[in-house]
Structures are given as C-alpha cells and as structure tokens.
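Okay, so here's the structure we're looking at.
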Amino acid sequence: MDVYDFTPYQYPADDNTSAWRTTHFDYHAIDQDVLKLDILGHDDPTMLRMLQDLSGKDVTTVPLGEKDTMSLFLSPEILGVTPEDIECNAGTLAIPEFGTKFVLKMLEDTKPKTFAELIKISGLSHGTDVWAGNARELIQNGDAEFKDIVGCRDDIMVNLIAYGMEAKKAFKIMEFVRKGKPTKDPETWAGFAEDMRACDVPEWYIENCRRIKYMFPKAHAAAYVISAFRIAWFKVHMPIYYYAAYYSVRCNDFDIETMCAGYDAIKKKFDEINDKGFEAAQKESALADELQLAMEMHKRGIRFKMIDLNKSDARNFVIDDDGTSLIFPFRGLDGLGENVAKAICEERAKGAFISIEDVQMRAKVNSTTIEKMRTLH
C-alpha cells in the first residue's frame with residue numbers, strides 16, 4: 001500500500017500545481033499510536049549569536065523601544081530608502097514576526113509607536129479570529145481604538161479586573177475565551193456576558209471576546225518581539241552585520257548571478273516572480289523574499305560579491321575587507337552541496353589552490369559545478 005492510501009492530504013492554499021502536500025489528522029485519533037516530535041528551529045537565537053560575534057556588542061544591551069528602531073515599523077525612512085525602492089511601506093522586511101505580508105498590512109493599519117503595541121500586534125497575528133473579522137472591523141467601524149482591543153489572552157483578565165470584576169471570575173472568562181469556547185458553548189457564554197455587563201464592560205468588548213477562537217499568551221508574544229527588536233536594532237545601526245547574519249542563517253535559495261548584478265537586475269527578477277502570483281513555485285517565492293531584501297541592501301550601499309576561492313566560507317556570507325560587500329559562500333552555488341563546500345574549505349586550509357583543476361581534484365567537485373564556477377568568473 002502507498003502512504004496516500006490512508007493519509008488525508010490536500011494541496012496547500014488550493015494550489016493543485018504545488019509540489020508539496022499538506023496532511024490533516026485529528027490528533028486525538030492517533031495520539032495513542034504515533035510518537036509526535038515537536039522539533040523547533042532556532043533561527044532567531046542563532047542569528048542573534050552571529051550578530052553578537054560579528055559586532056562584539058552584547059545583544060542583551062540593545063535598548064528595547066529605541067526611537068530609531070521603532071520608526072522601522074512605520075516607514076523605511078531611517079534606512080535611507082523609500083517605499084518605492086523596496087516595494088514595501090515599512091522598514092521591517094526580513095525582521096522576524098514583522099516581515100510577512102499579513103503583518104506588514106497590520107502595521108499599516110495600526111501604526112504602532114510603542115514597544116507594548118508591538119507585543120499586541122504579535123498577539124493579534126498569532127491568534128485565530130482575533131484580528132481579521134474581529135478587532136480590525138471594530139476599529140474601522142469606530143467602535144474601539146487599537147489601544148483598547150484584546151491582543152493577548154492576559155489582556156482579558158487584566159482588563160476585566162480593572163472594570164471591577166472578581167479576579168477568579170476574570171480568570172475563568174479569560175480561559176473560556178482564549179480556547180474559543182464562546183461560539184461552541186453559547187449558553188455558558190451568555191452567563192459570562194451578563195457578568196461582564198454587570199461590571200459596565202462595553203458591548204464592543206464583549207463582542208470582541210465572543211468572536212475569538214484562540215489567543216496567544218503575552219509572555220510568548222513578548223519573547224518573540226524582544227528577539228525581533230534586537231535584530232531590527234542591528235538592521236538600523238549595524239547594517240553590514242545584519243545582512244551578513246540574515247543571509248547566512250535564514251536563506252537557502254539563491255540566484256547568485258542576479259544578486260551580484262546590482263539593484264536593477266535584482267528588482268527586475270523580483271518583479272518577474274511577483275507577476276506570476278500564485279503560479280510562482282515555492283522556491284521562487286522564497287527567492288523573491290531574499291531579492292526584496294537585497295534591493296534594500298543595495299540601496300543602502302552594500303552589495304554582494306561572487307564566490308571567492310580564497311575568501312568564501314562554506315556556509316556563511318563573509319564581510320569583505322572593504323566593509324561594504326558580502327562575499328557569497330560556496331553553498332550559494334546551485335548544485336554544490338554542503339559537504340563539498342566544507343571539503344573545499346578544508347582543502348584550502350591545507351594549502352592555497354593553484355587552479356580550478358586543483359579545486360576539482362582535491363575537493364572532489366564534479367565537472368558540472370566546476371563549469372558553473374568558470375562561468376561565474
């Protein structure tokens with residue numbers, strides 16, 4: 001039998017040309033029979049460590065809420081680029097939690113000016129039925145202001161206590177709401193709603209709570225935003241380290257020829273992928289994000305340099321001696337695997353290469369990759 005004979009699956013985003021499938025299981029139907037591993041990536045701590053090693057600055061000393069960095073969430077002006085340059089109205093491209101199209105639109109709608117508002121946005125973006133179809137409409141209709149809406153689950157308990165409700169009951173309502181129970185158990189919710197009205201809680205707030213299906217905890221949102229803000233600080237104040245760390249840690253799909261060809265070539269390729277819309281392959285969509293950031297980087301006076309046999313690292317982008325260029329790692333070459341990249345660096349450490357043939361022989365690089373290296377130079 002084939003795995004597809006018993007695995008429920010569908011195409012992601014209703015795209016039946018996608019190379020990937022998404023599986024769907026009711027967890028409780030299989031939790032006694034399947035060992036489930038939650039294996040989480042640690043890109044943000046890895047990136048922060050690299051930023052600290054490159055710059056010598058302790059990342060924990062970055063001032064949270066610092067004015068210049070806060071301005072990134074409203075505009076890219078502090079970076080010395082325009083929205084037209086990077087086809088984005090904020091300066092948070094490639095900043096964790098704040099660089100996706102969904103959250104970029106939230107930043108436009110909410111215009112955050114404080115660190116606390118960033119935490120609220122993080123809570124809203126990770127909840128279910130919290131922003132779209134709920135808080136956003138309440139704000140747009142003039143029923144509520146952004147500062148008053150529910151952002152994280154903790155807000156509910158704290159706000160209800162502030163309205164005069166007993167702490168234990170406020171906690172119960174928070175738990176009921178954050179699990180999405182008001183629409184599943186309307187009878188119990190009706191009782192809770194009356195308790196809220198007895199404390200003069202406004203109707204819009206009660207409706208805000210009723211529509212929620214899942215709410216993020218504030219401590220979790222705060223942890224995400226602290227990491228994101230520290231990374232954003234480096235983007236503003238130490239850009240060469242930021243771009244080196246970002247492309248080293250978070251990127252895997254490269255178009256080395258385009259990225260080394262300058263702003264116009266990068267923008268042209270970015271627009272070509274964008275014009276494809278949902279027809280763009282998954283690899284192209286990932287590349288588009290990297291190209292968009294490369295447009296910003298070039299406008300800030302930092303550029304890419306081709307792979308250098310004497311200077312390139314196997315995996316990480318290296319800052320050139322001029323202080324304004326990033327040298328591509330060997331893995332940036334299409335078809336060159338990580339093991340071969342490491343082998344090149346190991347052989348180079350033993351003695352300088354005297355020719356491309358010398359590289360081929362000592363590092364066991366195949367002829368196709370060697371030809372590619374010739375064309376790039």
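The values are calculated or read from the model by the stated rules, or taken from the named source; none is laboratory data. Predicted model, so just to flag it, every value in this text is computed and none were measured. Cβ: placed from backbone, ideal geometry, glycine included. Neighbour counts: every protein chain shown. Side chains included, ligands, DNA and RNA excluded: accessible areas come from the protein's heavy atoms. Shrake-Rupley method; radii C 1.70, N 1.55, O 1.52, S 1.80 Å.
What residue, among those in region 248-268 that are in a helix (DSSP H, G or I) and under 23 Å from residue 78 (Cα atoms), is least open to solvent (accessible area, probe 1.4 Å)?
Per the criteria, the residue is 266.
Suppose the filter is open to solvent by 30 Å² or more (accessible area, probe 1.4 Å) and under 20 Å from residue 178 (Cβ atoms); does residue 230 pass it?
It is false that residue 230 is open to solvent by 30 Å² or more (accessible area, probe 1.4 Å) and under 20 Å from residue 178 (Cβ atoms).
So which residues in region 35-53 are surrounded by 10 or more Cβ atoms within 10 Å (Cβ to Cβ) and of a type in the set (Val, Ile, Thr)?
46, the sole residue that qualifies.
Only one of 245, 223 is surrounded by fewer than 19 Cβ atoms within 10 Å (Cβ to Cβ), at pLDDT 90 or above, hydrophobic (A, V, I, L, M, F, W, C) and not in a loop (DSSP other than H, G, I, E, B). Can you tell me which?
223
Hey, among 143, 195, 155, 200, which residue is assigned to a loop (DSSP other than H, G, I, E, B), in contact (Cβ under 8 Å) with a residue 24 or more places away in the chain and touching a helix residue (DSSP H, G or I) at 6+ places or on another chain (Cβ under 8 Å)?
143
Return the residue satisfying two criteria in turn: it lies in region 305-325 and is within 22 Å of the chain's Cα centre (by Cα) and open to solvent by less than 60 Å² (accessible area, probe 1.4 Å), and of such residues it is nearest to residue 235 (Cα to Cα). Before the answer, list the steps.
The first filter runs over region 305-325 and keeps only residues within 22 Å of the chain's Cα centre (by Cα), leaving 315-317.
Now narrow it down to the ones that are open to solvent by less than 60 Å² (accessible area, probe 1.4 Å): 316-317.
On the way: 316: 18, 317: 16 Å.
Here the residue is 317.
Evaluate region 198-220: report whether one residue or more is open to solvent by 50 Å² or more (accessible area, probe 1.4 Å) and farther than 29 Å from residue 107 by Cα.
Looking through region 198-220, at least one residue is open to solvent by 50 Å² or more (accessible area, probe 1.4 Å) and farther than 29 Å from residue 107 by Cα.
Residue-by-condition table, conditions (1) assigned to a helix (DSSP H, G or I); (2) farther than 16 Å from residue 86 by Cβ:
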| site | (1), (2) |
| --- | --- |
| 270 | yes, no |
| 286 | yes, yes |
| 292 | yes, no |
| 297 | yes, no |
| 310 | no, yes |
| 313 | no, yes |
| 321 | no, yes |
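From the list 137, 194, which one is farther than 28 Å from residue 97 by Cα and either surrounded by fewer than 19 Cβ atoms within 10 Å (Cβ to Cβ) or in contact with a Leu (Cβ under 8 Å, 6 or more places away or on another chain) (or both)?
One residue alone meets the criteria, 194.
Residue check: is residue 243 over 20 Å from residue 86 (Cβ atoms) and of a type in the set (Phe, Trp, Tyr)?
The answer is no for residue 243.
So if I check each of 69, 110, 114, 82, which one is open to solvent by less than 40 Å² (accessible area, probe 1.4 Å) and either free of Cβ contacts under 8 Å to residues at least 60 places away in the same chain or under 30 Å from residue 3 (Cα atoms) (or both)?
Answer to the check: 110.
Restricting attention to region 16-32, and to residues there that are in contact (Cβ under 8 Å) with a residue 60 or more places away in the chain and open to solvent by 80 Å² or more (accessible area, probe 1.4 Å), which single residue is nearest to residue 5 (Cα to Cα)?
20
For residue 297, all conditions in the list (1) more than 30 Å from residue 18 (Cα to Cα); (2) crowded, with 21+ Cβ neighbours inside 10 Å; (3) out of contact with any Pro (no Cβ under 8 Å at 6 or more places or on another chain) hold save one; what is the number of the exception?
So residue 297 meets the others, but not (3).
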